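The structure appears right after this line, and notes come after that.
The values are calculated or read from the model by the stated rules, or taken from the named source; none is laboratory data. Since the model is a prediction, treat every value here as computed from it, not as a measurement. FYI the Cβ positions are ideal-geometry reconstructions off the backbone, even for glycines, and counts take in every protein chain you see. Side chains included, ligands, DNA and RNA excluded: accessible areas come from the protein's heavy atoms. Shrake-Rupley method; radii C 1.70, N 1.55, O 1.52, S 1.80 Å.
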Amino acid sequence: MSTEDLTVANTIRTQLGGACLALLGAKDLVGGPDHLQFKIQGCRKVNRVVITLKDDDTYTMEFWCIRGVKCTKVSSHEGVYFDQMHATIEKATGLCARF
(Lines give C-alpha, C1' and ligand atoms only; values in the text may rest on other atoms or scores of the structure.)
Protein backbone atom coordinates (compact mmCIF):
# COMPACT_ATOMS: atom_id res chain seq x y z
CA MET A 1 0.00 0.00 0.00
CA SER A 2 1.43 3.39 -1.01
CA THR A 3 0.65 6.80 0.36
CA GLU A 4 0.14 9.59 -2.16
CA ASP A 5 2.45 12.58 -1.87
CA LEU A 6 0.19 15.54 -1.08
CA THR A 7 2.95 18.15 -0.93
CA VAL A 8 1.66 20.00 -4.02
CA ALA A 9 -1.96 19.92 -2.81
CA ASN A 10 -0.92 21.27 0.60
CA THR A 11 1.20 23.98 -1.03
CA ILE A 12 -1.74 25.11 -3.19
CA ARG A 13 -3.98 25.17 -0.09
CA THR A 14 -1.41 27.28 1.74
CA GLN A 15 -0.97 29.66 -1.21
CA LEU A 16 -4.73 30.22 -1.42
CA GLY A 17 -4.95 30.72 2.33
CA GLY A 18 -7.62 29.86 4.84
CA ALA A 19 -9.39 33.19 4.36
CA CYS A 20 -9.83 32.58 0.62
CA LEU A 21 -11.18 29.09 1.18
CA ALA A 22 -13.55 30.38 3.86
CA LEU A 23 -14.82 33.23 1.64
CA LEU A 24 -15.55 30.70 -1.12
CA GLY A 25 -17.27 28.30 1.27
CA ALA A 26 -14.78 25.66 0.12
CA LYS A 27 -15.44 22.12 1.23
CA ASP A 28 -14.61 18.56 0.22
CA LEU A 29 -10.96 19.39 -0.52
CA VAL A 30 -9.32 16.55 -2.44
CA GLY A 31 -5.61 16.50 -3.17
CA GLY A 32 -3.49 14.52 -5.58
CA PRO A 33 0.20 14.42 -6.45
CA ASP A 34 -0.14 17.47 -8.75
CA HIS A 35 -3.50 19.10 -7.94
CA LEU A 36 -6.08 20.31 -5.45
CA GLN A 37 -9.81 20.35 -6.10
CA PHE A 38 -12.67 21.58 -3.97
CA LYS A 39 -16.33 22.53 -4.05
CA ILE A 40 -17.38 26.15 -3.60
CA GLN A 41 -20.65 27.76 -2.57
CA GLY A 42 -22.38 30.97 -3.55
CA CYS A 43 -21.83 30.92 -7.31
CA ARG A 44 -24.55 29.76 -9.69
CA LYS A 45 -22.28 29.06 -12.65
CA VAL A 46 -19.32 27.36 -10.89
CA ASN A 47 -19.34 24.90 -8.00
CA ARG A 48 -16.01 23.08 -8.32
CA VAL A 49 -12.45 24.33 -8.79
CA VAL A 50 -9.47 22.21 -9.89
CA ILE A 51 -5.97 23.69 -9.61
CA THR A 52 -3.15 21.69 -11.22
CA LEU A 53 0.58 22.39 -11.04
CA LYS A 54 2.37 22.27 -14.41
CA ASP A 55 6.02 21.52 -15.21
CA ASP A 56 6.83 25.22 -15.71
CA ASP A 57 5.75 26.05 -12.11
CA THR A 58 2.50 27.67 -13.21
CA TYR A 59 -1.00 26.44 -12.55
CA THR A 60 -3.93 25.47 -14.70
CA MET A 61 -7.19 26.46 -13.04
CA GLU A 62 -10.41 24.80 -14.18
CA PHE A 63 -13.85 25.91 -13.12
CA TRP A 64 -16.67 23.38 -13.34
CA CYS A 65 -20.42 23.25 -12.86
CA ILE A 66 -21.53 19.81 -11.71
CA ARG A 67 -25.26 19.18 -11.35
CA GLY A 68 -26.29 15.56 -10.89
CA VAL A 69 -24.56 13.59 -13.64
CA LYS A 70 -24.02 16.63 -15.88
CA CYS A 71 -20.47 18.02 -15.74
CA THR A 72 -19.71 21.24 -17.64
CA LYS A 73 -16.33 22.93 -17.78
CA VAL A 74 -17.14 26.62 -17.45
CA SER A 75 -13.61 27.92 -18.05
CA SER A 76 -9.95 26.97 -17.97
CA HIS A 77 -7.00 29.29 -17.33
CA GLU A 78 -3.44 28.17 -18.09
CA GLY A 79 -0.15 29.76 -17.10
CA VAL A 80 -1.46 31.17 -13.82
CA TYR A 81 1.22 32.12 -11.28
CA PHE A 82 0.50 31.59 -7.58
CA ASP A 83 0.03 35.31 -6.98
CA GLN A 84 -2.64 35.44 -9.71
CA MET A 85 -4.83 32.66 -8.29
CA HIS A 86 -7.13 34.94 -6.26
CA ALA A 87 -7.79 37.25 -9.20
CA THR A 88 -8.44 34.27 -11.48
CA ILE A 89 -10.96 32.84 -9.02
CA GLU A 90 -12.70 36.20 -8.70
CA LYS A 91 -12.86 36.62 -12.48
CA ALA A 92 -14.26 33.12 -13.06
CA THR A 93 -16.78 33.05 -10.20
CA GLY A 94 -17.62 36.65 -9.38
CA LEU A 95 -16.94 35.84 -5.72
CA CYS A 96 -14.52 37.69 -3.47
CA ALA A 97 -11.46 35.53 -2.78
CA ARG A 98 -9.45 37.96 -0.63
CA PHE A 99 -9.91 40.73 1.91
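How high is the FRET efficiency from ARG67 to PHE99, r the C-beta distance, R0 25 Å, rounded to 0.05?
It comes out at approximately 0.25.
Could you order THR7, THR52, THR72 so the one with the most accessible surface comes first? Probe is 1.4 Å.
Working: THR7 85, THR52 25, THR72 60 Å².
Output order, biggest surface exposure first: THR7, THR72, THR52.
How much of the calculated P(r) for the chain lies past 19 Å, in percent of all Cα pairs?
The answer is 36 percent, as a whole percent.
Report relative contact order for the chain in percent, whole number only (criteria: Cα-Cα under 8 Å, sequence separation at least 6).
That works out to 22 percent.
Quick one: 3J(HN,Hα) in Hz for the stretch 7-15, Karplus 6.51/-1.76/1.60 with θ = phi - 60°, rounded, Gly and Pro as x.
Along the stretch 7-15, the couplings run 4, 5, 4, 5, 5, 4, 4, 5, 5 Hz.
What figure in square angstrom, to the nearest 10, would you give for the accessible area of LYS45 with a 1.4 Å probe?
Accessible surface of LYS45 is approximately 100 Å².
How do ASP56, ASP34 stack up against each other in accessible area, from largest to smallest, with a 1.4 angstrom probe?
Final ranking, largest accessible area leading: ASP56, ASP34.
222 nm [θ] for the chain, helices only, -39500 (n - 2.57) per DSSP H run of 4+, per residue, to 500?
Estimated from H runs of four or more residues: -7500 deg cm²/dmol.
Compare the Cα positions of GLY79, GLN15, VAL46 along the charge dipole of the chain (+1 at Cβ of Lys, Arg; -1 at Cβ of Asp, Glu; about the Cα centre) and return the one farthest towards the positive end.
With unit charges placed on the Cβ atoms, the residue in question is VAL46.
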